[in-house]
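See structure below.
The values are calculated or read from the model by the stated rules, or taken from the named source; none is laboratory data. Predicted, not measured: the structure shown is a model, and the values here were computed from it. Because the Cβ atoms are built from the backbone with ideal geometry, glycine has one as well, and the counts that use them run over all protein chains shown. In case anyone asks, the SASA skips ligands and DNA or RNA and just uses the protein heavy atoms, side chains included. Shrake-Rupley method; radii C 1.70, N 1.55, O 1.52, S 1.80 Å.
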Amino acid sequence: MVQLQAADFLAYEMRKAVVDHRDPMTKPEFFRKSFQTFFGCPVVQGNYREEQLLGLCRTAKIPIREI
């Protein structure tokens, strides 16, 4: 599922940006190039309830990850 891969990647890049640059006023050019690609991208927002997300994963045969 491309949407879930993109969300995982963005979450990783956001965590990395927060760890590396704790100042919220940090300019985009100081972030990793892979994170800079998100700046200026159009945003399509969607909200999933837990059951909808689980159903999506079942349909796409994505195994549940446990922490």
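With respect to being surrounded by 10 or more Cβ atoms within 10 Å (Cβ to Cβ) and either of a type in the set (A, V, I, L, M) or modelled with pLDDT of 75 or more (or both), residue 52 fits the description. Taken together, 13, 29, 66 contain a single residue that is modelled with pLDDT of 75 or more and over 17 Å from the mean Cα position of the chain (by Cα), which is 29. When residue 13 is tested against (1) open to solvent by 70 Å² or more (accessible area, probe 1.4 Å); (2) touching a Ser or Thr at 6+ places or on another chain (Cβ under 8 Å), only condition (1) is not met. The single condition from (1) open to solvent by less than 70 Å² (accessible area, probe 1.4 Å); (2) outside any helix (DSSP H, G or I); (3) at pLDDT below 75 that residue 34 fails is (2).
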